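Below is one structure, written out as structure tokens, with a few remarks after it.
The values are calculated or read from the model by the stated rules, or taken from the named source; none is laboratory data. Here the structure is a predicted model, which is why all the values come from computation and not from measurement. Here the Cβ positions follow ideal geometry from the backbone for every residue, glycine too, while neighbour counts run over all protein chains shown. For accessibility, only protein heavy atoms count, side chains too; no ligands or nucleic acids. Shrake-Rupley method; radii C 1.70, N 1.55, O 1.52, S 1.80 Å.
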Amino acid sequence: MAELLDIEIMSLGAQGDGVGTHNGTPVFVPFTMPGDKVRAKVNESRRNGLYSELVEILSPSAERQTPACAHFGACGGCQLQFFDDGTYKAWVRERALMALGQHGFEDVTVLEPAISPKASRRRVALKALRTAAGVVLGFNERQSHTIIDVSMCPVTRSELTALFAPLRALLVAILDQRMAATIHMTLTASGVDMLIDAPKAPDLAARESLSEFANEHDLAALHWQEQGFLDPVAIRREPVMDFAGARVVLPPASFVQATEEGEAALTRAVTKACEGFGRVADLFCGLGTFTFPLARDHQVLAAEGAKSSLDALTAAANISSGFKQIIPRHRDLFRRPLTVAELKIFDAVVFDPPRAGASAQVAELAKSEVQRIVAVSCNPNTFSRDARTLADGGYVLESVLPVDQFLWSPHLELVGVFSKI
């Protein structure tokens, strides 16, 4: 029989779980916060403590608030929405401090977090499953593949949540029994871009239904993807992203920042850090989120391994005005990072890699004489690892800005500004 513990929550872990102690051993309890007195059932003992599930809140914290979503506790997203605003903002900053501290950064200036508001998420990936009762459409349960059927999402733009119910009705007629699909939706400057990824190609009747759906709901574009094959079912107008006035055509389901507010905060931090420097390299540039704002004042090398993204950036650069020279370069920076010799011509370098970080590229940067480095990361742990490499190479981490685009979750982006000693 699992052990039941009555404990007081004293702090928060890196994933947002409340942490108390039992006989000197940390106990991690999800859906709790400092000040809660709770009963928890121990499920697992690990090297760093006991992992449990919440049985009962015996006495709630004064900072606990009523969750905004009817699906809270079942849906695996937004697991921290019972935090009040002050507690949540303090934890976002603490999340950055914890990651930095694990790599020896004890006195870094961590700025006031930029937190995206409710109803601001412009990019979502929904899971769908056709059952005998209809279509289940929503997000996965916490630490599970079970899909929670959702009718609302308080963090997502209304233009996307308005499509939940009609999309569910559409898929009932298209998906076979027990067929699963993933639906990617991005709100672009020209409307919603939708991609449905399913294991079976649509027949003629399904294609007609999809096209009608796109027309009825004024989608910019609707693609169907089956085993990697991309089928443009309805392209009513090109989905485009606006980066500092450059209109970049969005390849289907491509990465963009999750919220406009988060993108703006990241862009302000990056461009401000590069002020006064001349030639800039934007590494892992993607579609040009930072390339185009930087190119208002700098000559920019834009390097990216994903050819479809770089092609979209290049096409936009070729027809846009008001920018200094943009030099696109297709390059796998994981396998072929810019070398110390190649970095000599740059006064500043910006890099924004995937979650795994940029260890190979950072190793070259650490040996370089680039005067200003700006690191953008969606993973505080790999950010801190790469920051340690730069610090060991003679760079000073001047400041870190936490940017939270995934409200009420432990996901966090950081912008770090480095200068050469």
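Ranked by the mean number of other Cβ atoms within 10 Å of their residues, highest first, the peptides 73-81, 400-408 come out as 400-408, 73-81.
Full extension of the chain segment joining residue 229 with residue 44 gains 62.4 nm, where the gain is 0.36 nm per residue of separation less the Cα-Cα distance. Among 344/367; 324/420; 272/420; 272/367, which pairs are too far apart, with a Cα-Cα distance over 20 Å? Flagged as over cut-off: 324/420; 272/367.
As an exercise, use a Förster radius of 51 Å and the Cβ-Cβ distance of residue 279 and residue 22 to find the FRET efficiency, rounded to the nearest 0.05.
On the way: r = 57 Å, r/R0 = 1.12.
Calculated value: 0.35.
With Cβ to Cβ distances under 12 Å as the rule, what net charge do the other residues near residue 91 carry (K, R +1; D, E -1)?
-3
Annotation for region 60-160: GluC sites (Glu not before Pro) lying in DSSP loop with at most 10 further Cβ atoms inside 10 Å of their Cβ are 106.
The residue list 152, 190, 14 was ranked by how far each Cα lies along the charge dipole of the chain toward its positive end, using unit charges on Cβ atoms, and 190 comes out on top.
Label positions at residue 336 and residue 205, each projected 7 Å from the Cα along the C-beta direction, are separated by 5.1 nm.
How charged is the neighbourhood of residue 325? Take every other residue with its Cβ under 15 Å from the Cβ of residue 325, and add Lys/Arg as +1 and Asp/Glu as -1.
Values: positive: 279, 296, 324, 329; negative: 282, 297, 347.
Neighbour charge sum, excluding residue 325 itself: +1.
Using Cα pairs under 8 angstrom and six or more residues apart, how large is the relative contact order of region 55-199, in percent?
Numbers: 197 pairs, mean separation 32.0, N = 145.
It comes to 22 percent, rounded to a whole number.
Using 0.36 nm per residue and subtracting the Cα-Cα separation, the extra length available between residue 159 and residue 264 on full extension is 35.8 nm.
For the pair residue 107 and residue 180, label points projected 7 Å from Cα toward Cβ lie 5.1 nm apart. Rounded if a/c is under 1.5, else prolate if a/b beats b/c, else oblate: with a ≥ b ≥ c from the C-alpha gyration tensor eigenvalues square-rooted, which is region 29-130? Judged from the Cα gyration tensor, region 29-130 comes out rounded (a/c under 1.5).
Remark: region 214-313 carries 39 Å² of accessible area per residue (probe radius 1.4 Å; ligands, DNA and RNA excluded).
Other residues whose C-beta falls under 13 angstrom from the C-beta of residue 380 contribute a net charge of +1, scoring Lys and Arg +1 and Asp and Glu -1. Placing a label point 7 Å from the Cα of residue 347 along the Cα-to-Cβ direction, the residues of region 377-421 with a backbone N closer than 16 Å are 419-420.
Straight-line reach from residue 89: taking Cα to Cα under 19 Å and skipping same-chain neighbours fewer than 8 places apart, the lysines in range are 118.
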